[in-house]
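Structure, as structure tokens:
The values are calculated or read from the model by the stated rules, or taken from the named source; none is laboratory data. As the structure is a prediction and not an experimental result, all values here were calculated from the model. For neighbour counting, all protein chains shown are included, and Cβ atoms are generated from backbone atoms with ideal geometry for every residue, glycine included. Heads up: the accessible areas ignore ligands, DNA and RNA and are worked out on the full protein's heavy atoms, side chains in. Shrake-Rupley method; radii C 1.70, N 1.55, O 1.52, S 1.80 Å.
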Amino acid sequence: MRDQWGPDGQFLFFDGAAWGASHQHEDKLTFTLYAGGRLLIGDPNIYSYSPTELTHYFKASRSHNVVMVDGRGQARRFRPESHLSTLGRNEWVSQPEFDFVSSEYLEGFAADPFPGRGDASEVDMGIRHRRAILYVKPIGAGLEPAQGGDRKGSPLPGYWILCDLLTSQDAEPHTLEQIFHLAPIEQPGAAEPLRPGEVAVSPATIVTHEPGLGNLALLPVDPTGLDVRAQKGETSPAVGWYGVYGEFPAWDVTLQRRTPLPARLDAVHFPLRPGETAYPTVTRLRADAQVTAFRIQGAGVDDTFILCEEGAGPVTVAGVTCAGRAVLARRQPKLQVLTVEAL
Amino acid sequence: MRTAQARGVALPEDFVRLVEKAHEMYLYAAQPDHILPMFNDCGTQPTDPAPYLRGAAQMFPRADFLWGASHGQPALGPVQGKGPRPITPRTRGPRPATM
């Protein structure tokens, strides 16, 4: 996903592919996000193949931007078919005003403690994870300058809406951990090439604070009952590391909730251009197994978003109707409806 | 491909197309700073795909490969999605090839 080519662009890279034949990580549905001139959400990568706790961490779900369930991560390593294929449905739509992607993780969850890796009998195939991301591009993106396409004149950057739906075959409560890895700050020429950066964390907002650089406001749609924590450089178990140039502490942000399934973990990822500090608020409108809907409001933005699962039928929330996969009704600077048709 | 070309060996068209498509990945996956996203075991250093795209541009005369190989020169970026649509042109320049 991107709004333009070049250094001022916004960009999100999403992984909905098979596990692969080698060098695999338990990371389906992960993504990285770049805006404001730097990487904001990154993938910790891996630094060495030594049989250490950190190497194990870098391969496991804990080290990726995914969802863990009851402390268990993805478990494709037990499924030989995953080398060349994956389960679930992928969707991709790219339009001048938005990009949309959706994929599913249906290949089971299992504990993955270091150094043991368990066995296939421990894989719980009953938990399913579906992730959809809508990129709302900056107003004017994709247009010629004569049509208002100069993004520097846009009142707002683009932003991303991330929707996670977790379902289960049981009625028991589960502990969901939605993990985001804040990209560390590069320091060319310094003794330490990466530093973790500054972040302020609360259930309603997770905001990075780097003066003079681009930043990110991560806005959970349902902050009530949400346990949010930021960890870096922890061991036994390993949490909060980055494996580029070496092994360095970096922030892992975890949004945790205990709830019966189906449950939704939705969040707005709002990039802040250098010097900007204002970000919108998000208000929940509807959440169930078929539909998620919320409103994003702030200076220059007043958007209503609805995402429908297959079979939901036409759905109307707060005066906005979604007859396909998703819709975003934009009220500023003028009314505009962005529609993701059912695929 | 260069080796085969130098020796006058014709390669199957589907293989040639696959090589071209593989280099499209370097172009489309690059971040705005022209670095590839670091997923899985991506090595210990960030990877700049420009050298690969320079090689690709020798085999496939495409303006978008040249654009990626030169970190954004000329000013028109690759075409994304359907149709020949320039992305955020800052100055007028040649339209890149359609993919």
Subset of segment B:1-22, residues in a helix (DSSP H, G or I) and open to solvent by 40 Å² or more (accessible area, probe 1.4 Å), comes to B:Arg2, B:Thr3, B:Gln5, B:Ala6, B:Glu13, B:Asp14, B:Phe15, B:Arg17, B:Leu18, B:Lys21, B:Ala22
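This table checks each residue for (1) in contact (Cβ under 8 Å) with a residue 60 or more places away in the chain; (2) in contact with a His (Cβ under 9 Å, 6 or more places away or on another chain); (3) closer than 28 Å to A:His64 by Cα.
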| residue | (1), (2), (3) |
| --- | --- |
| A:Thr224 | no, no, yes |
| A:Lys232 | no, no, yes |
| A:Val253 | yes, yes, yes |
| A:Ala287 | yes, no, yes |
| A:Leu307 | yes, no, yes |
| A:Val315 | no, no, no |
| A:Arg330 | yes, no, no |
Check: Hey, any hits in segment B:79-94 for a residue that's within 12 Å of chain A (Cβ to nearest Cβ) and at pLDDT 90 or above?
Finding: no
Of the residues in segment A:69-93, those that are closer than 30 Å to A:Val327 by Cα and in a loop (DSSP other than H, G, I, E, B) come to A:Thr86, A:Leu87, A:Gly88, A:Arg89, A:Asn90
Taking segment A:240-262 and keeping only residues that are more than 14 Å from chain B (Cβ to nearest Cβ), open to solvent by less than 10 Å² (accessible area, probe 1.4 Å) and of a type outside the set (S, T, N, Q), one is left with A:Gly240, A:Asp252, A:Val253, A:Leu255
Subset of segment A:94-107, residues outside any strand (DSSP E or B) and over 15 Å from A:Gly16 (Cα atoms), comes to A:Gln95, A:Pro96, A:Glu97
Going through segment A:114-129 in order, the residues found to be touching a residue at least 60 places away in the same chain (Cβ under 8 Å) and either open to solvent by 80 Å² or more (accessible area, probe 1.4 Å) or on the phi > 0 side of the Ramachandran plot (or both) are A:Phe114, A:Pro115
Among the residues of segment A:116-128, are any within 11 Å of chain B (Cβ to nearest Cβ), more than 16 Å from the chain's Cα centre (by Cα) and either of a type in the set (Val, Ile, Thr) or not in a strand (DSSP E or B) (or both)?
no
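Results for (1) farther than 25 Å from A:Pro262 by Cβ; (2) of a type outside the set (Ser, Thr, Tyr); (3) open to solvent by 10 Å² or more (accessible area, probe 1.4 Å), shown as yes or no for each residue.
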{"site": "A:Phe58", "(1), (2), (3)": "yes, yes, no"}
{"site": "A:Glu81", "(1), (2), (3)": "yes, yes, yes"}
{"site": "A:Thr86", "(1), (2), (3)": "no, no, yes"}
{"site": "A:Pro96", "(1), (2), (3)": "yes, yes, yes"}
{"site": "A:Phe100", "(1), (2), (3)": "no, yes, no"}
Here the qualifying pairs (Cβ atoms under 9 Å; residues six or more apart or on different chains; first in segment B:31-42 and more than 7 Å from chain A (Cβ to nearest Cβ); second buried (at least 21 other Cβ atoms within 10 Å of the Cβ) and part of a loop (DSSP other than H, G, I, E, B)) come out as B:Leu36/B:Ala30
